[in-house]
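Trainee: Once you've had a glance at the structure underneath, I'll fire off some questions.
The values are calculated or read from the model by the stated rules, or taken from the named source; none is laboratory data. Computed from a predicted structure; not experimentally measured. So basically every Cβ, Gly included, is an ideal-geometry build from the backbone, and we count neighbours across all protein chains shown.
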Amino acid sequence: MAVLGIVAEYNPFHNGHLYLINKAKEEQTFDAIIVVMSGDFLQRGEPAVCDKWSRAEMALNCGADLVIELPFYFAARSAYNFARGAIQLLHRTGVVSYLAFGAENADLPGLKTIARIIAREPEEFKAILKLHLASGQSFALARSLALQEYAAKIQSDLQQTLQGPNNILAIEYLHVIDKEKLPLTPLVISRTGSSYHSTELTGHSSATAIRQALLSHVHGDEINDKVISSMPVPCLKILQREITGGRAPVRAEFLEQTILYKLRTSSALALADIYEISEGLEYRIKAAANSCGSLGNLRQGIKSKRYSLSRINRILLYSLFDLSKNQVNSFDKEGPLYMHILGFSAKGQKILQKIKIKSQLKIFSRSSDMKRCYDKSRTSVIGDMIAIDTMATDIYSLLLPTPSARSGGKDFTTSPVMIN
């Protein structure tokens, strides 16, 4: 049985995502396609433009058969931890045998070479990395610079492979597969259309461009014409429905007062216990929270050479959710312990039955499953995992544009999306 796994955010699902699915199908005939998708908060530390169930519905209407939520404590993490959590989850289904992902430079041997360097850390590479870290660079930038230097010494054309956000994430997927010796066959698909960070709207716009247009130019129920041409018709209809219903688009700025309140009422000692806060950053955060009145100014007040904007965004979420260093250590040690099913097709329902036989993870295919497990496991690691996930959903609900849509407890009451 050949089952394809895809890791995604689909924020929102656009023509480039459809292209990847269709190109993967050209490479191989698959019995099913399983997507592990971020929930309501994403890898860059921001809320999704629309909720996880509507984004799962988009994926199911464009070729996915089963959509599983990537829990918050992996979804809102650095690239490696994001990749590790997602790939562990795909592997623990017991049925996924292939992994498809996009890259600016679809040079699989080159990507694998770099992934092996990261996984095995040759002494010369570690020495170069140490020098860059000592200069005050963030870990992500220091490692990128070290890789470029080390790659130039062993194979000059590897430097080009290191360019581009999709290449970087592709390397992390291969890093996890190599380090954990997972039996997943990678399929790398060359990225087409606009670059990841491009804000230009085209037939193959980036998700960044689409989000910017949605957040800047939505007037009532209208959607920018260029956004319309950037998304598959079923996805556009779902997005239009969410906007009309007052459930989208969600803006990061909606978190502004909540985050400032949390930081101003937390002690520096309490902040020091939060994941990724170290080296006295808690005092910088407190000072910025007391002097800044907007989320944008707060970010800039905390940002430094060592801390990128994305990392600051994630730290702000960790602070809001009281995500401690000890919790993350226990989560990382265990890896994903459950599958929260966001949606499935008829074919996905069949593959889900196979997963229930082969996987050792808890499977929440009904909202009551998650509630029942949480009630029985509140003091365990899995209980902590569920608590963080449900908190993320509840906080996200408060960001919805229309007050009547902001009800809580949705993880315990919302059934998976089902399509024929």
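Trainee: Does region 65-72 include one or more residues that are at pLDDT 90 or above and surrounded by fewer than 17 Cβ atoms within 10 Å (Cβ to Cβ)? Let's see the steps before the verdict.
Mentor: Just the residues of region 65-72 that are at pLDDT 90 or above, to begin with: 65-72.
When the remaining residues are screened for being surrounded by fewer than 17 Cβ atoms within 10 Å (Cβ to Cβ), the result is none.
The answer is no; no qualifying residue exists.
Trainee: Just give me the residues in region 62-98 being within 25 Å of Ser324 (Cα to Cα) and of a type in the set (Gly, Ala, Ser), in sequence order.
Mentor: Correct list: Ala75, Ala76, Ser78, Ala79, Ala83, Gly85, Ala86.
Trainee: Right, Lys354: farther than 16 Å from Tyr73 by Cβ, in contact with a helix residue (DSSP H, G or I) (Cβ under 6 Å, 6 or more places away or on another chain), surrounded by 15 or more Cβ atoms within 10 Å (Cβ to Cβ) and modelled with pLDDT of 95 or more or not?
Mentor: No: the conditions fail for Lys354.
Trainee: Still on this model: So Asp369 passes all but one of these: (1) free of Cβ contacts under 8 Å to residues at least 40 places away in the same chain; (2) not in a helix (DSSP H, G or I). Which condition number does it fail?
Mentor: Tallying (1) free of Cβ contacts under 8 Å to residues at least 40 places away in the same chain; (2) not in a helix (DSSP H, G or I), Asp369 fails exactly one: (2).
Trainee: Go through Thr265, Thr244 for me and flag whichever is assigned by TED's automatic domain parsing to the domain that holds Gly63 and hydroxyl-bearing (Ser, Thr, Tyr).
Mentor: Numbers: Thr265 fails: assigned by TED's automatic domain parsing to the domain that holds Gly63.
Selected residue: Thr244, the only one of Thr265, Thr244 that is assigned by TED's automatic domain parsing to the domain that holds Gly63 and hydroxyl-bearing (Ser, Thr, Tyr).
Trainee: Might you check whether a residue that is out of contact with any Asp or Glu (no Cβ under 8 Å at 6 or more places or on another chain), aromatic (Phe, Trp, Tyr), under 22 Å from Arg55 (Cβ atoms) and buried (at least 19 other Cβ atoms within 10 Å of the Cβ) occurs anywhere in region 333-349?
Mentor: Yes, region 333-349 contains at least one residue that is out of contact with any Asp or Glu (no Cβ under 8 Å at 6 or more places or on another chain), aromatic (Phe, Trp, Tyr), under 22 Å from Arg55 (Cβ atoms) and buried (at least 19 other Cβ atoms within 10 Å of the Cβ).
Trainee: Another question, if that's okay. Identify, please: which residue in region 92-114 is part of a helix (DSSP H, G or I) and of a type outside the set (A, V, I, L, M, F, W, C) and is, among those, surrounded by the most Cβ atoms within 10 Å (Cβ to Cβ)?
Mentor: So the first thing to find is which residues in region 92-114 are part of a helix (DSSP H, G or I), and the list is 108-114.
If we keep only those that are of a type outside the set (A, V, I, L, M, F, W, C) too, we end up with 109-110, 112-113.
On the way: Pro109: 9, Gly110: 21, Lys112: 19, Thr113: 17.
Only one residue fits best here, namely Gly110.
Trainee: Would you call Leu89 at pLDDT below 90, out of contact with any Asp or Glu (no Cβ under 8 Å at 6 or more places or on another chain) and in a helix (DSSP H, G or I)?
Mentor: Numbers: at pLDDT below 90: no; out of contact with any Asp or Glu (no Cβ under 8 Å at 6 or more places or on another chain): yes; in a helix (DSSP H, G or I): yes.
No.
Trainee: Inspect all residues belonging to region 133-151 and state whether any of them is buried (at least 20 other Cβ atoms within 10 Å of the Cβ) and either more than 20 Å from Ser308 (Cβ to Cβ) or modelled with pLDDT of 95 or more (or both).
Mentor: yes
Trainee: Could you list, in sequence order, the residues of region 387-420 that are under 27 Å from Ala346 (Cα atoms) and among the aromatic types (Phe, Trp, Tyr)?
Mentor: Passing the criteria: only Phe412.
Trainee: Go over the candidates Ile68, Ile117 one by one and state the one that is in a helix (DSSP H, G or I) and hydrophobic (A, V, I, L, M, F, W, C).
Mentor: Selected residue: Ile117, the only one of Ile68, Ile117 that is in a helix (DSSP H, G or I) and hydrophobic (A, V, I, L, M, F, W, C).
Trainee: Which of the residues that make up region 12-37 are polar (S, T, N, Q) and free of Cβ contacts under 8 Å to residues at least 60 places away in the same chain?
Mentor: Asn22, Thr29
Trainee: Search region 206-239 for residues being crowded, with 16+ Cβ neighbours inside 10 Å, of a type outside the set (A, V, I, L, M) and assigned to a helix (DSSP H, G or I), and hand back the single one that is modelled with the lowest pLDDT. Steps first, please.
Mentor: Pass one, region 206-239, residues crowded, with 16+ Cβ neighbours inside 10 Å: 206-214, 218, 223-224, 226-227, 230-232, 234-236, 238-239.
With the extra rule that they be of a type outside the set (A, V, I, L, M), the set shrinks to 206, 208, 211-212, 224, 226, 230, 232, 234-235.
Right, trim to assigned to a helix (DSSP H, G or I) and you get 208, 211-212, 226, 234-235.
Values: Thr208: 89, Arg211: 91, Gln212: 88, Lys226: 74, Pro234: 97, Cys235: 97.
Within region 206-239, the match that is modelled with the lowest pLDDT is Lys226.
Trainee: Identify all residues within region 36-79 that are out of contact with any Asp or Glu (no Cβ under 6 Å at 6 or more places or on another chain) and among the polar types (S, T, N, Q); write none if there are none.
Mentor: Result: Gln43, Asn61, Ser78.
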